[in-house]
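Each value in this text was obtained by applying a stated rule to the coordinates, not by laboratory testing. Quick caveat, the model's predicted, so the values are computed rather than measured. All Cβ positions, glycine included, derive from the backbone under ideal geometry; neighbour counts span all protein chains shown.
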Amino acid sequence: MDFSLTEGQRKLVEAFRTFGEERFKPELVHQWRRDQGLPDEVVKGFVDLYFGLEDLADGDGPGAFSLCSQALIIEELSRCSGATLPFQIDLFNLALMGEFAAQSEFDAIVDDYRKTGRLMFALAISEPEAGSDSMNMQTYNRTVDGRLILNGCKTFVNNGEYAPYILVAAIDRDAEGSDKYPALTFWLVPRDLKGIRAYPVNKIGQSMLPFSTVVFENVELQPEYRLTGRHAGFRQLFRMLEFGRVTTCAGSLGMARAAMEDAVKHARSRKAFGVQIGRFQQIEQMLVDMEVSIYNMRSMLYRACLAVDNGEDDERLSVALMKRYVPAAATDVASSAMQILGGMGYTEHARVSQIWQDCRGNQIAEGTDQIMVYIAAPLVLDKY
């Protein structure tokens, strides 16, 4: 299979490489991790660049870029920064909004995003008892005495304490589902409504993504809060989760490349017993194995992107295999980089330790390694 980039994609990567290398200086990234977010000028700079490259557009996603091109952008920025960035969350949230919202609703969101550089909403899907098993969702809306009421609890909501709106996935108890799926609705709810409370979730990694748990207790909804686009429900949501898995893996690959660069730089400069440690056979083997993993990660990521963009029959299998492999391999690459850096690699000063934390989190985000096996195994059995 040909994974060669088009001329437009090469220009796209070069543009974001320039942006990333100018903006993501190590000392600034370290500070932004502590601040749990990026400053306004960086997020606005990203949005201006992203929507300013319309002549390179090659798809129908947000900004009219294909999923492959969006993955290339996330990969490159994650390499430059050595961090999980909010941009990959933004692109996924926009894509999901585009699937479930009417065109007028979506256009208003995009217009505000282009003006401010920040999405006006936080996405709330995961729950304490419904993470990978989204079918076990308990948050619901129901009409009680003529009033629309929302109840439930969402967790791992990025920016849930700060965004002015929350896009909430809920089971519609006023409607009947189809097939084996209950009726699923999305509501764009003002965060300051009575009955909404948000609490921070303190993670060990991905510190630029301020996660929270959000509780909805007898929140009164207005009919206009409901997204009024297509209503394919859970089937539609499951396909959108594949988009999120691709961007998560793109970020993992970019961070693995950053860890590799740091490991090689250290192996060249550090001496032991009067010899560069990169000349020791054990270090050579570690570096070679890390590069093999990066080759494999890149192949699986690009293969999955093409499968989704082209609507291929094995799209679901390609995405599940990619998500099963890439974050775990990236974690291993980051772990090896920490080992090569020695004691320095185990400090907060070295970004490889933070890359390891972020990649380790990606083995859970957007579907755990184990859930990917659950998805892929029946497809493999059917394939052969």
### Residues of the stretch 110-128 with amide N under 20 Å of the 7 Å Cα→Cβ point at ILE364
123-128
### Query
For the stretch 7-119, what class follows from the C-alpha gyration tensor (a ≥ b ≥ c being the square roots of its eigenvalues): rounded when a/c is under 1.5, otherwise prolate if a/b is larger than b/c, else oblate?
oblate
### Query
When the Karplus curve 6.51 cos²θ - 1.76 cosθ + 1.60 is applied with θ = phi - 60°, which whole-Hz ³J(HN,Hα) does each residue of the stretch 135-147 get, with x for Gly and Pro?
5, 8, 4, 10, 4, 9, 10, 7, 8, 10, 6, x, 10
## Note on the structure
Env charge @ GLY45, Cβ radius under 15 Å, K,R +1 / D,E -1, value 0
### Message
Could you work out the relative contact order of the stretch 189-331? I mean the mean sequence separation of Cα pairs under 8 Å and 6+ apart, divided by the number of residues, in percent.
### Response
22 percent
### Query
Using θ = phi - 60° and the Karplus form 6.51 cos²θ - 1.76 cosθ + 1.60, what ³J(HN,Hα) does each residue of the stretch 191-200 get, whole Hz, x for Gly and Pro?
5, 8, 5, 4, x, 9, 10, 10, 10, x
### Task
Return MET290, MET135 ranked ascending by Cβ neighbour count within 10 Å, so the fewest neighbours appear first.
MET135, MET290
### the stretch 123-225: translational diffusion in µm²/s, Stokes-Einstein, Kirkwood Rh over Cα pairs, 25 °C, 0.890 mPa s
175 µm²/s
### Inter-part distance where the stretch 83-107 and the stretch 214-284 are each reduced to a Cα centre, Å
17 Å
### Query
On full extension of the chain, what length is gained from ARG10 through GLN276, given 0.36 nm per residue of separation minus the C-alpha to C-alpha distance?
92.3 nm
### Query
For the stretch 303-384, treating each Cα as an identical point scatterer without solvent, what Debye log10 I(q)/I(0) comes out at q = 0.12, 0.16, 0.21, 0.22 1/Å?
-0.45, -0.67, -0.89, -0.93
### Task
Grab the beta carbon distance between GLN103 and ASN310, set R0 = 25 Å, and tell me the FRET efficiency rounded to 0.05.
0.55
### Query
Between GLN236 and THR116, how many nm apart are label points set 7 Å from Cα along the C-beta direction?
2.4 nm
### Summary
Residues meeting the amide H criterion for VAL201 (H placed from the backbone, H to H distance under 5 Å, 5 or more places apart or on another chain) are PHE211, SER212, THR213
### Summary
Counting only Cβ distances under 4.7 Å between cysteines, those in the chain with no partner are CYS80, CYS153, CYS249, CYS359
### Distance between modelled label sites at ALA175 and GLN31, nm, 7 Å Cα→Cβ extension
4.7 nm
### Query
If you find the alpha carbon centre of the stretch 175-210 and of the stretch 10-47, how far apart are they in angstrom?
28 Å
### Query
Can you pick out the pairs among LYS154/LYS203; LYS154/LYS194; LYS44/LYS154; LYS203/LYS323; LYS25/LYS323 whose Cα atoms lie more than 23 Å from each other?
LYS44/LYS154; LYS25/LYS323
